[in-house]
Ligand SMILES: Cc1ncc(COP(=O)(O)O)c(C=O)c1O
């Protein structure tokens, strides 16, 4: 470790293996022995998995069951090399994909919207969200002649939508929240104009896990004749089961009139391998705006459902396998554990830590802020105690997104003990600068964020350019 040089320390943290393994800056002349490569990769995986397997990580690892991963990987192996563009050679991909879509439509109560509910499989939540924006943009251009489109969404909607709007030339308008930390529907209504192509609500959002008032948004969308996308990337595979278990879940899916599309990630609470999500539409007519067809290419008649060209058959097969292996029973049982654990956390925080304010009424993700202590100092101490929280900003807050590896009641009790001790640390160290900040912003104020924007680009450079050799 290079203790006194902050840049060197930063690079050491970003590239921890460069001191012990070779850094490749060009393809090696001779292929490396299989055993050597496998041993190296396995050693990285073992060390990195140990962190998540302890169950002290918020979000990120939704399943945590290595037997499940193992079976999915076996399924993946059968089709890893397959390009699903070649459907004549690999009709199983058509079966798997169509059945994933049918199962998700059923889970999201597509029957309430009629038999036309349909969808696509994408590479992840961001692709689902960006594709939805694209579809609404195309629909509005063709049906309404809109050339300067805008979309209105809550400030808490996922930032991938801002990225997508940036890429697609859509103006993104951000509606503020109410005191309950869900979108202010009147404020949203005021932002809609004749160029608005769609509005967005979350179920639940990344920052606080809360569900926006989707029925009211649905009414607004119907009144204005525009689409409503519900981002269920995070909650889409969890809320239906919590509701079925009797939990208190506000309405958000296709049963709500006005909801025209929903994203739900298979690679989160669907317990599939990383790399898939679903984007569901109320009608095939809406989905058709997503299709790209080009009959005049010398390479042949070209048709493509979405952003990707070639896609691996392995991911589609293993996603299908995750759904049918887990089954309704498996999803219901996991949802019960997650919901119970989150409620235990909420009660513990409210009863034992008056310095903290839980944000809204959490269902599965527990976010809290404080007017009395610096929550980033709380996070510093939680980190030292082995917990990996998600730090938020605007306002400064922390969240723990409960997943299967976190659900053991004794683990939640340990978390509450450590949180209480971390609050005491923050009280004792009030006024001192915290080591940790909000990953999405470093600083926690709008002005501070403007100042660090340049540094964020540098961070991405550092992540993609092999670090210089260690001194
Ligand atoms: C609510 C929500 N939407 C979208 C995304 C983006 O998903 P992905 O990281 O799969 O692109 C996330 C990720 O956490 C999320 O929480």
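Rule-based calculations on the coordinates, nothing more; no lab input. Just so it is clear, the structure is predicted and the values come from calculations on it, not from any experiment. Heads up, the Cβs are rebuilt from the backbone with ideal geometry, glycines too, and the neighbour counts pull from every protein chain shown.
Measuring nothing but how far apart in sequence close Cα pairs (under 8 Å, 6+ apart) lie, relative to its length, the stretch 78-322 scores a relative contact order of 27 percent. Label zone (residue 411, point 7 Å along Cα-to-C-beta; backbone nitrogen cut-off 18 Å) within the stretch 223-261: 238.
Among beta bridges identified by DSSP and lying wholly in the stretch 78-322, the antiparallel ones come to about 45 percent.
Between the stretch 207-231 and the stretch 365-408, the C-alpha centres lie 28 angstrom from each other. Take every Cα pair under 8 Å whose residues are at least 6 apart in sequence, average their separation, divide by the length of the stretch 296-413, and the relative contact order is 22 percent. Counting every other Cβ atom within 10 Å of each residue's Cβ, 24, 254, 368, 307 order from fewest to most as 24, 307, 254, 368.
Relative to the current alpha-carbon distance between residue 427 and residue 244, full extension at 0.36 nm per residue lengthens the span by 61.7 nm.
Between rounded, prolate and oblate, where does the stretch 107-218 land on the alpha carbon gyration tensor, with a ≥ b ≥ c its root eigenvalues, rounded for a/c under 1.5, else prolate if a/b exceeds b/c?
rounded
Shape class of the chain from the alpha-carbon gyration tensor: rounded, with the ratio a/c of largest to smallest axis under 1.5. With only the Cα atoms considered, the stretch 23-64 has a convex hull volume of 111 Å³ per residue. Sorting 349, 146 from the fewest to the most surrounding beta carbons within 10 angstrom yields 146, 349. Packing-based ranking of 204-215, 154-165, 379-390 yields 204-215, 154-165, 379-390, ordered from highest to lowest mean Cβ neighbour count within 10 Å.
Across the stretch 221-267, the mean sequence separation of Cα contacts (distance under 8 Å, 6 or more residues apart), normalised by length, yields a relative contact order of 57 percent. Cβ-to-Cβ counts within 10 Å put 182, 452 in ascending order as 452, 182, the fewest first. Between the C-alpha center of the stretch 256-325 and that of the stretch 33-105 there is a gap of 18 Å. DSSP assigns beta bridges within the chain; of those with both partners inside it, close to 55 percent run antiparallel.
Converting the Cα gyration tensor eigenvalues of the stretch 78-322 into ellipsoid dimensions via √(5λ) gives semi-axes, longest first, of 29, 22, 15 Å.
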